[in-house]
Amino acid sequence: MGDGEPSDTPKSADGSLENATPQEIQKALLRKVAQLTKVVVHLTSRNDESELQYLRLSEAAEHDMQQLLEKAEKEMQSEFAKLEESLHRTVLQARMTG
């Protein structure tokens, strides 16, 4: 039935359980439920892994953005200080010559 085990449940030529006893039908259904449960567990596990990977990437991106913002702020402060110093010198020179 696709799970590596031979099927001993009687089936018709089209694969239906037409002539199967209720116990055989129940057994086949339980086997299918077990297969589907394995699929659900596998997909849930893959989803959890994907969510964890997304979270890690998101945190890394947030960290990188924070570092870039801090670097930009320091550069802006440095440039602002240079501009203030240049302005101060220009004002002093204007006062001395004027």
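The values are calculated or read from the model by the stated rules, or taken from the named source; none is laboratory data. Predicted model only: the values in this text are computed from it and were never measured. Here Cβ is always computed from backbone atoms with ideal geometry, including for glycine, and neighbour counts include all displayed protein chains.
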For this session: Taking residue 81 as the residue in question, decide whether it is of a type in the set (A, V, I, L, M, F, W, C) and either surrounded by fewer than 10 Cβ atoms within 10 Å (Cβ to Cβ) or not in a helix (DSSP H, G or I) (or both).
Result: no
Exercise. Does segment 74-86 contain any residue that is within 34 Å of the chain's Cα centre (by Cα) and not aliphatic (A, V, I, L, M)?
Worked result: yes
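So that you can scan it fast, the table gives a plain yes or no per residue for (1) modelled with pLDDT under 95; (2) part of a loop (DSSP other than H, G, I, E, B); (3) among the aliphatic types (A, V, I, L, M):
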position	(1), (2), (3)
18	yes, yes, no
31	no, no, no
44	no, no, no
68	no, no, yes
77	no, no, no
92	yes, no, yes
96	yes, no, yes
For this session: Look at residue 57 and say whether it is modelled with pLDDT of 95 or more, within 17 Å of the chain's Cα centre (by Cα) and part of a helix (DSSP H, G or I).
Result: yes
